[in-house]
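Engineer: So that we are looking at the same thing, I have put the structure below in structure tokens.
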């Protein structure tokens, strides 16, 4: 229906072990969220989790909430920080292999909503449908780039079906989108590589520094 689902998965709960953590990860991937956030467990000062971990002496003396998102911020009950990091990366990789990168997920969801509203008689829904088509046109070049650069057996099946249907319905927009994708794919790759490099270099790459300073406990 064009409604985007945002999913969040926390890795490293005390109830997690080497068996059930994979079950949680697989279920999360099967939900096919359009947008998602994968985070390691982070005790927030004042919460019951914080008090429990503090009582069990699993919190380092130099603990800082500015390190939220870091896998080495406290002692996990059943995992090492490296294991938590690997579970997070495994989840992210599984999401992309199964459902594709975000431009495709967003496009496919909006495209479903566009077709769902085809017979709607309400003016506001017809207006929304027009907006969906404009958004689909803007997203299409990035969907082609997703097709060129990303793999995954199930993802490839899904994107081929989506592009085939869109081509049949909007051949002119399909061709224009493909041409634009060919023009922007090289600079897009440079931006993509820069993002990977920034993630590896920065100490806490998941949030801007000003957010961490603002909420420093």
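The values are calculated or read from the model by the stated rules, or taken from the named source; none is laboratory data. Here the structure is a predicted model, which is why all the values come from computation and not from measurement. Reconstructed Cβ throughout: ideal geometry from the backbone, glycine too, with neighbour counts over all protein chains shown.
Engineer: Under 19 Å from the mean Cα position of the chain (by Cα) and at pLDDT 90 or above: which single residue out of 38, 5 fits that description?
Structural biologist: Of the residues listed, the single one that is under 19 Å from the mean Cα position of the chain (by Cα) and at pLDDT 90 or above is 38.
Engineer: Are any residues in region 79-102 free of Cβ contacts under 8 Å to residues at least 24 places away in the same chain and within 24 Å of residue 148 (Cβ to Cβ), and if so, which ones?
Structural biologist: 89, 93 - these are the residues of region 79-102 that are free of Cβ contacts under 8 Å to residues at least 24 places away in the same chain and within 24 Å of residue 148 (Cβ to Cβ).
Engineer: Given the residues 25, 3, which is the only one that is part of a loop (DSSP other than H, G, I, E, B) and at negative phi?
Structural biologist: 3
Engineer: Here's another thing I want to ask about it. Can residue 47 be described as in the same structural domain as residue 15 (by TED's automatic domain parsing) and surrounded by 14 or more Cβ atoms within 10 Å (Cβ to Cβ)?
Structural biologist: No, not satisfied.
Engineer: Is it true that some residue in region 139-155 is more than 20 Å from residue 95 (Cα to Cα), part of a helix (DSSP H, G or I), assigned by TED's automatic domain parsing to the domain that holds residue 108 and out of contact with any helix residue (DSSP H, G or I) (no Cβ under 7 Å at 6 or more places or on another chain)? Give the steps one after another, and end with the answer.
Structural biologist: Narrowing region 139-155 to residues more than 20 Å from residue 95 (Cα to Cα): 140-141.
If we keep only those that are part of a helix (DSSP H, G or I) too, we end up with 140-141.
Among the residues that remain, those that are also assigned by TED's automatic domain parsing to the domain that holds residue 108 are: 140-141.
Applying the additional criterion that residues be out of contact with any helix residue (DSSP H, G or I) (no Cβ under 7 Å at 6 or more places or on another chain) yields none.
No, the conditions are met nowhere in region 139-155.
Engineer: Please go through (1) in contact with a helix residue (DSSP H, G or I) (Cβ under 8 Å, 6 or more places away or on another chain); (2) surrounded by 15 or more Cβ atoms within 10 Å (Cβ to Cβ) for residue 88 and return the number of the only condition it doesn't satisfy.
Structural biologist: The number of the failed condition is (1).
Engineer: Residue 207 fails exactly one of the following numbered conditions: (1) at pLDDT below 80; (2) over 27 Å from residue 92 (Cβ atoms). What is the number of that condition?
Structural biologist: (2)
Engineer: Suppose we keep only residues that are assigned to a helix (DSSP H, G or I) and over 27 Å from the mean Cα position of the chain (by Cα) within region 163-172. Which one would you say is surrounded by the fewest Cβ atoms within 10 Å (Cβ to Cβ)?
Structural biologist: For region 163-172, the residue satisfying everything is 172.
Engineer: Also, I was wondering about something else. Looking at the structure I just gave you, is residue 37 in a strand (DSSP E or B) and without any contact (Cβ under 8 Å) to a residue 60 or more places away in the chain? Talk me through it step by step, then tell me what you get.
Structural biologist: Working: in a strand (DSSP E or B): yes; without any contact (Cβ under 8 Å) to a residue 60 or more places away in the chain: yes.
Considered against the rule, which asks whether it is in a strand (DSSP E or B) and without any contact (Cβ under 8 Å) to a residue 60 or more places away in the chain, residue 37 comes out as yes.
Engineer: Does residue 28 satisfy the condition of being at pLDDT 90 or above and either outside the structural domain of residue 159 (by TED's automatic domain parsing) or buried (at least 16 other Cβ atoms within 10 Å of the Cβ) (or both)?
Structural biologist: For residue 28, the condition - at pLDDT 90 or above and either outside the structural domain of residue 159 (by TED's automatic domain parsing) or buried (at least 16 other Cβ atoms within 10 Å of the Cβ) (or both) - is met.
Engineer: If you don't mind, there's one more thing I want to ask. Which condition number in (1) buried (at least 16 other Cβ atoms within 10 Å of the Cβ); (2) modelled with pLDDT under 90 is the one that residue 64 fails?
Structural biologist: Of everything listed in (1) buried (at least 16 other Cβ atoms within 10 Å of the Cβ); (2) modelled with pLDDT under 90, residue 64 misses just condition (1).
Engineer: Residue under question is residue 192, and the condition is that it be modelled with pLDDT under 90, under 18 Å from the mean Cα position of the chain (by Cα) and assigned to a loop (DSSP other than H, G, I, E, B); does it hold? Spell out how you get there, then give the answer.
Structural biologist: Numbers: modelled with pLDDT under 90: yes; under 18 Å from the mean Cα position of the chain (by Cα): yes; assigned to a loop (DSSP other than H, G, I, E, B): no.
The answer is no for residue 192.
Engineer: If we keep just the residues of region 103-132 that are part of a helix (DSSP H, G or I), free of Cβ contacts under 8 Å to residues at least 12 places away in the same chain and more than 24 Å from the chain's Cα centre (by Cα), which is surrounded by the most Cβ atoms within 10 Å (Cβ to Cβ)?
Structural biologist: Ranking the qualifying residues of region 103-132, first place goes to 115.
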